[in-house]
Amino acid sequence: MDKIIFRMDTVLSDVHLLLPNARHLMTRLNTVGQPVFVSKFRILWDVEEREIDCGGSSPGRAADGSPSGPSEVPLDDDGDLDVVRRPRDASPDRERVCPIILNQALGDSADGCEEEDDEGGEDATQCDVIRIEHTMATPLEDVGKQIWRGAFLLADLILSRPAEFQGATVLELGAGTGLTSVVMATQAKMMYCTDVGQDLLSMCERNVTLNQHLIEDKVNEVKVRQLDWTGDDFCTDAEIPFSWTEEEVSDLHNETSVIMAADVCYDDDLTDAFFRTLYRITSHLRNPSTAYVSIEKRLNFTLREMDVACEAYNHFRHCLDELCDMDDGKMKYHVEQVLSPIPQFLQYERVEQLEVWKIAASQK
C-alpha cells in the first residue's frame, strides 16, 4: 500500500451531497488526476425565520404543532397495518447529484459554472452563497484540498461575532481551500490566507475569486501566500509563486491581531510545527493577538494503547499546556476552550467532537 487514501466515509461528503440547494459539478481534474468539485453553501442568517418559512407544520399537525385531526392507523381489508411506501425514484427535497468530468484542461475555470438554484431561480452570486472548489478524496499529503468540519465551525464563529473581527488584520494558518478566509474577509480589513503547495494555493486563490461578490463592495482585501511551517522565515523570493513582499511581511507584523487555524492538528509532527510557527509569529507581532484553533477529536484504534484513543487530540492538548506553562521571559499565553454555544449558520454535521480553542498572546 503506497498511499493512504481518505475514502468518502472519512470526509465531509455528507455535507456536500445532502445540502438541499447545492449543485456539485466536477469541473476538471487537478494536477494529480483527482476530481474537483464546486459546492455551494448558503449562509442561514436567520435560522429560526428560515425554519418557519420553509415548513410550518408537519403532516397531521396544525401550524402550532397540535394535532389537526383524529389519529387513525391505516389498515388494509384484512385488518393488517397498511404501510405506505415511498416510490424509489421520489426525491422531493433533494436534487440529484450527477458529477460530470468535463475535461482535464487547466484553462477550464470554475468561473464558468454559473448555475441557478431550482428553488426561486436565485443567482449563485447572492450575498449569502459561498462557492468553494474542493476535492472529495485525496492522498494524505493533499488533505488540504478537502473541506473539513473545523473550517465550517470557525466560519460559524466568525459569522456569530462580526464586531470582534471588523476591520482587523487576520492571518489564517493552513487555510486549505480557503473557506474560513473567505468568510473572514467579509469582516476583516486584510486577510492573509496561507498554506503550502502551489496546486493547493492556486485552488485557494480561485476560491477567493469565486467569492469576490462577498467583499467587492468593501475595502477588504485577501492575499493568498505561501507559509511553510518547517521554514524559519517568510519566502520573499519574487520568482516563487505566492511569495511575500517585504511590505506585506511588515504589515503582517505591525497590524495582525487575529490568527485562525481550522483542523490542522491531525498529525503529531505537523502539530509541533504549527505551535512552533504560532510562537514565532506571535512573538514578532507588535500588538497582542488572539488565535482561534478548531479541532475534531477523531477516535482511532491504536496498537500502542490496544484501545480506541484520540492520540492526535491528546498531543494537541499537551502542546496547549506547554504553551500556557512556557516561561521564556518574553511571551505569555492564556488558553481556554470556547464553551459558549456557537450558532450554526452553515449546513453541515455539527458533531460533539468539534472544539474551538482560544489562545491569547501578548508580550511580557
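Computed from the coordinates by the stated procedures, all read-outs in this text should not be read as laboratory data. Here the structure is a predicted model, which means the values were calculated and not measured. All Cβ positions, even for glycine, are placed from backbone atoms using ideal geometry, and neighbour counts span all protein chains on display.
How would you rank Asp325, Asp228, going from fewest to most other Cβ atoms within 10 Å of each one's own Cβ?
With the fewest neighbours first, Asp325, Asp228 line up as Asp325, Asp228.
Report the antiparallel proportion of the DSSP beta bridges in region 139-363 as a percent, rounded to a multiple of 5.
Of the beta bridges lying entirely in region 139-363, close to 50 percent run antiparallel.
Relative to the Cα centre, what is the charge dipole magnitude of region 306-358, using +1 at the beta carbon of each Lys and Arg, -1 at the beta carbon of each Asp and Glu, and rounding to the nearest 20 debye?
I would put it at about 300 debye.
Could you give the length gained by full extension between Val338 and His318, i.e. 0.36 nm per residue of separation minus their alpha carbon distance, to one decimal place?
Taking Val338 through His318 to full extension adds about 5.4 nm, to one decimal.
Gain in length, Met331 to Asp251, computed as 0.36 nm per residue apart minus the alpha-carbon separation, to one decimal in nm?
This chain segment gains 26.7 nm when fully extended.
Looking at this model, which pairs from Lys40/Lys358; Lys330/Lys358; Lys145/Lys189; Lys145/Lys223; Lys297/Lys330 are more than 22 angstrom apart at the alpha-carbon?
Too far apart for the 22 Å limit: Lys40/Lys358; Lys145/Lys189; Lys297/Lys330.
Per-residue counts of other Cβ atoms within 10 Å, averaged by peptide: what ranking do you get for 201-212, 229-240, 148-159, 264-275, highest first?
Output ranking for 201-212, 229-240, 148-159, 264-275: 148-159, 201-212, 264-275, 229-240.
How long is the gain from Thr230 to Ala360 if the chain were fully straight, where each residue apart is worth 0.36 nm and the alpha carbon distance is subtracted?
This chain segment gains 44.5 nm when fully extended.
Principal axis extents for region 139-363, Cα atoms only, whole Å, descending order, please.
52, 44, 36
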